[in-house]
Amino acid sequence: MAAVAEERSNNPRARLFVALDLPEELREGIVVWGREELGDPALRPVAPESLHVTLAFLGHRPEEEIEEIAAVVRDAVGPAPWVEVLDPEPRPPRGRARVYALPVLSPGTEALQAGVAQGLVEGGFFEPEKRPYWPHITVARVRPEGRGSRRPAVVSEPPGKLPEGLSEARICRRMTLYRSELKPTGARYVPLAQVQLPG
Ligand code: 2AM
């Protein structure tokens with residue numbers, strides 16, 4: 001055990017992901033909607049500053065790789081995508097929901113994601129998921145049924161539809177490499193590198 005602990009401390013790792021950030025107006029719109037619609041006690045709404053569209057989840061990587069990964073993200077810059085958000089959906093779609101997410105309709109985001117993923121794969125930093133990429137914004141996670149349980153609680157009042165206007169297409173002008181720090185109170189996302197997207 002001591003040897004393992006020592007190896008860990010000599011080889012610090014960071015939990016990393018790349019995301020498309022939301023324009024302020026869209027973020028605020030989701031927060032206002034969520035105050036009404038994410039009130040079920042079984043739901044833990046995502047903090048306003050943590051709302052994003054994940055492009056690539058890298059998992060734990062050695063900290064010494066961060067600079068190289070940031071360079072790959074900067075090189076993958078592409079046109080700023082237009083996004084349309086759709087009404088919330090539970091995941092998984094059947095059975096007890098674990099999360100609620102707003103699906104994102106955006107060919108531009110899919111193109112950006114493909115470019116970032118390819119760069120990260122070529123660098124050996126990322127193994128793409130087998131299932132197709134599903135652009136979405138997670139808005140709430142479901143609390144466990146009981147202490148230490150892995151089963152999600154029942155959500156009696158699932159979130160309702162978005163107001164008209166929130167689904168209007170909006171442009172997203174920033175992509176960020178985040179470090180996710182897991183705390184007992186939830187995850188905190190720390191930006192490590194940001195790229196402005198042209199267009
Ligand atoms: P989610 O919002 O759909 O849960 C940080 O955890 C971000 O990376 C979240 O937005 C999360 O997506 C995403 N992510 C993708 N795959 C993940 C995985 N296997 N484990 C944790 N987070 C993942």
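The values are calculated or read from the model by the stated rules, or taken from the named source; none is laboratory data. The shown structure was predicted, so the numbers you read here are calculated from the model rather than taken from an experiment. Note that we place each Cβ from the backbone using ideal geometry, even for glycine, and neighbour counts take in every protein chain shown. Only protein heavy atoms, including side chains, enter the accessible area calculation; ligands, DNA and RNA are left aside. Shrake-Rupley method; radii C 1.70, N 1.55, O 1.52, S 1.80 Å.
Annotations
- Some residue of the stretch 176-194 being part of a loop (DSSP other than H, G, I, E, B), modelled with pLDDT of 95 or more and either under 26 Å from residue 65 (Cα atoms) or of a type in the set (S, T, N, Q) (or both): no
- Residues that are open to solvent by 20 Å² or more (accessible area, probe 1.4 Å), assigned to a helix (DSSP H, G or I) and modelled with pLDDT of 95 or more within the stretch 1-28 comprise 24, 25, 27, 28, listed in sequence order.
- Top-ranked residue in the stretch 140-158 [being in contact (Cβ under 8 Å) with a residue 40 or more places away in the chain and small (Gly, Ala, Ser); ranked as farthest from the ligand (Cβ to nearest atom)]: 156
- There is no residue in the stretch 131-138 that is touching a Pro at 6+ places or on another chain (Cβ under 7 Å) and more than 11 Å from the ligand (Cβ to nearest atom).
- Among the residues of the stretch 159-183, those that are more than 16 Å from the ligand (Cβ to nearest atom) and open to solvent by 70 Å² or more (accessible area, probe 1.4 Å) comprise 161, 164, 168, 173.
- Filter result for residue 89 (of a type in the set (D, E, K, R) and either at pLDDT below 95 or more than 12 Å from the ligand (Cβ to nearest atom) (or both)): no
- Answer residue from the stretch 32-61, given it is outside any loop (DSSP other than H, G, I, E, B) and away from the ligand (no atom under 16 Å from the Cβ) and is farthest from residue 115 (Cα to Cα) among those: 36
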